Every structure is written in C-alpha cells, then in structure tokens.
Amino acid sequence: MGGWQVFAATMVLVGAMAVVVLNVRPQRLPTGRTSVAEIRQRLLAESVPPAMPVAAALSHSAPDRRFEVPEAHRTMQEHLDCSVGDCPRKAAAYQALVAAGRIKPR
C-alpha cells in the first residue's frame, strides 16, 4: 500500500468516526431544573396583561371629592373612550390635572 492510500484510508476512517461520534448524543438526565420550554410557557402566561374593567362597569358619576394627581391620571386612563364633555368623572380628573399643571388646555 502506497503512502497516499494509507492517507486516504486514514481520512475515511476519521470521517466515519466523526459521523459516529456526532450522531451519538448523551441521554438527558433530569436535573430537577426547569426546562426552557417550561420557562417560556410560564413567561407567556405571566405576560398576559390583566383585564381592564369594562366601560359599563366604570362609574361615570362625578367624584365626591377632588382628585389627587395619581387618581386623576388613573381615571383618565380608565376613561379613554369617554369624552370630557360627556363623562363627569373624566371631566373632574381633567380639571385636577389642569390645576396641577400636568395638562395644558387648548
């Protein structure tokens, strides 16, 4: 056998061994840790935003007292679909934010 034949036979043998080694994978043993799929599932379940109250369930009546700024902001967000002219609660929140300098009326 010539030198090139020995070299070729060695390369074929190395290639066959590489195929065998790459195809043999170690068995995954349970480690007690959470899998990536389980983490992904939990993140998707936690990322669903909480349901906002239905507009019909919101109180549109005027408040008993003047709104503080955080309450006014929250009320404005809750009453996005209401207009200031039609909803006394949103109007009170709007006036509180104007008085606090958070909104400039046009």
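Tabulated data
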quantity	calculated
Options ARG74, ARG66; residue that is among the charged types (D, E, K, R), at negative phi and more than 33 Å from the chain's Cα centre (by Cα)	ARG66
Tally of residues being at pLDDT below 80 and in a helix (DSSP H, G or I) across the stretch 16-58	3
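The values are calculated or read from the model by the stated rules, or taken from the named source; none is laboratory data. Quick caveat, the model's predicted, so the values are computed rather than measured.
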